[in-house]
Amino acid sequence: MATPKSPAHVPTSDWTSARGEKWHARLDNMEAMLRPVDVPLLGALPLDTPARIVDLGCGGGATTAAILRRAPAGSVVHGVDIAPTLIAAARERLPPDARGVVFRVADVSTAAPERPYHRMVSRFGVMFFDDARAAFANLFHWLEPGGSFAFALWGPLSENPWVTTVREEVARVVAVPPPAPDAPGPFRYADTDTLRSVLDHVGFEKLDVREWRGLLRLGDALAPYAAADFALASFANFDELLTRAGAGARDAAQRSLTARLSHHTREGTVHLGACVRIVTGARPRGLRALP
């Protein structure tokens, strides 16, 4: 029997196909769930003067819009994502009178910017590069000398009950492979020293890490049964593992997960803990990136 693909192994290319479609299908719920992370992420990004800002892996554009609301008048914000369906959704959701926001499809690991930016930000968009060192060396050139960045990354899997709770209940029904170390995926930089080493190697400076812990509403305002369905359908490849397991597996996982989530409700909606690391840094003035 073939070993199932790790739910934490998500190559960049998957976002242009199955993974991107999965995110798009539940875009409103997913972005609402992750909205609390925008507060510490944007709080770590200097936004005191008008600037050109790029949001890497912008998805449906929720963080891009939040950046524009926070940035001083005269700022320009570009949202970039590898998934065409998500960029199309971001454009559709943009208010007709919005100014200063542009969305485009690009693979930031290899593409060149039209012009370098003063600020670079990403909410969970930099953990999926197939060749991380080459990708961050390329992103060095997305910033102007003196420009700064802030990246939100998931902390250790064990400290993120919003996903471990789901994983544990799925594992009662079907084998769930462990995350592959240092493979593209959401928990790739749970040990931020790994990322700091890469960023330092390609030439970034003033590297710093701060931690945020808080509660996420699973799927936003969902009761336990709906939250369980959302999580199984949206997170990792749990749905695919359960489908391959045969008749009854999905229903069994949803029943047990619903029962467990019922113990984590507030005012009828499910809340689970999250641990996020915010990594910040800058491109030095007058220094070239390493080849």
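Of the helices (runs of 4 or more DSSP H) lying entirely inside segment 197-291, the ones with 1 or more residues being more than 15 Å from residue 171 (Cα to Cα) are found at 224-234, 249-261.
Among the residues of segment 274-291, those that are of a type outside the set (A, V, I, L, M, F, W, C) and at pLDDT 95 or above comprise 277, 280, 281, 283, 284.
Residues in segment 74-114 that are of a type in the set (D, E, K, R), modelled with pLDDT of 95 or more and more than 14 Å from residue 59 (Cβ to Cβ): 107 only. Each residue in segment 249-273 was checked for being open to solvent by less than 70 Å² (accessible area, probe 1.4 Å) and modelled with pLDDT under 95, and 1 of them qualify. Looking across segment 47-59, the residues that are at pLDDT 95 or above and either touching a Ser or Thr at 6+ places or on another chain (Cβ under 7 Å) or buried (at least 22 other Cβ atoms within 10 Å of the Cβ) (or both) come down to 50, 51, 53, 54, 55, 56, 57, 58.
Listed here are the residues, each with its yes/no results for (1) over 22 Å from residue 37 (Cβ atoms); (2) under 18 Å from the mean Cα position of the chain (by Cα); (3) surrounded by 22 or more Cβ atoms within 10 Å (Cβ to Cβ).
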| residue | (1), (2), (3) |
| --- | --- |
| 137 | yes, no, no |
| 149 | no, yes, yes |
| 152 | no, yes, yes |
| 161 | no, yes, no |
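Only one entry in 128, 124 is at pLDDT below 95, within 22 Å of residue 85 (Cα to Cα) and either surrounded by 22 or more Cβ atoms within 10 Å (Cβ to Cβ) or out of contact with any helix residue (DSSP H, G or I) (no Cβ under 6 Å at 6 or more places or on another chain) (or both), namely 128. Is it fair to say residue 280 is open to solvent by less than 70 Å² (accessible area, probe 1.4 Å) and in contact with a Lys or Arg (Cβ under 8 Å, 6 or more places away or on another chain)? When the stated conditions are applied, residue 280 passes them.
Restricting attention to segment 31-41, the residues being out of contact with any Asp or Glu (no Cβ under 6 Å at 6 or more places or on another chain), open to solvent by less than 10 Å² (accessible area, probe 1.4 Å) and in contact (Cβ under 8 Å) with a residue 40 or more places away in the chain number 3.
Residues are listed down the side, and each one gets a yes or a no for (1) hydroxyl-bearing (Ser, Thr, Tyr); (2) closer than 17 Å to residue 133 by Cα; (3) within 16 Å of the chain's Cα centre (by Cα); (4) open to solvent by 40 Å² or more (accessible area, probe 1.4 Å):
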residue: 166; (1), (2), (3), (4): no, no, no, no
residue: 181; (1), (2), (3), (4): no, yes, no, yes
residue: 195; (1), (2), (3), (4): no, yes, yes, no
residue: 198; (1), (2), (3), (4): no, yes, no, no
residue: 202; (1), (2), (3), (4): no, yes, no, no
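The single residue among 215, 241, 232 that is in contact with a helix residue (DSSP H, G or I) (Cβ under 6 Å, 6 or more places away or on another chain) and either surrounded by fewer than 17 Cβ atoms within 10 Å (Cβ to Cβ) or touching a residue at least 60 places away in the same chain (Cβ under 8 Å) (or both) turns out to be 232.
The values are calculated or read from the model by the stated rules, or taken from the named source; none is laboratory data. Keep in mind it's a predicted model, so treat the numbers as computed, not measured. Reconstructed Cβ throughout: ideal geometry from the backbone, glycine too, with neighbour counts over all protein chains shown. Ligands, DNA and RNA are excluded from the accessible area calculation, which covers all protein heavy atoms including side chains. Shrake-Rupley method; radii C 1.70, N 1.55, O 1.52, S 1.80 Å.
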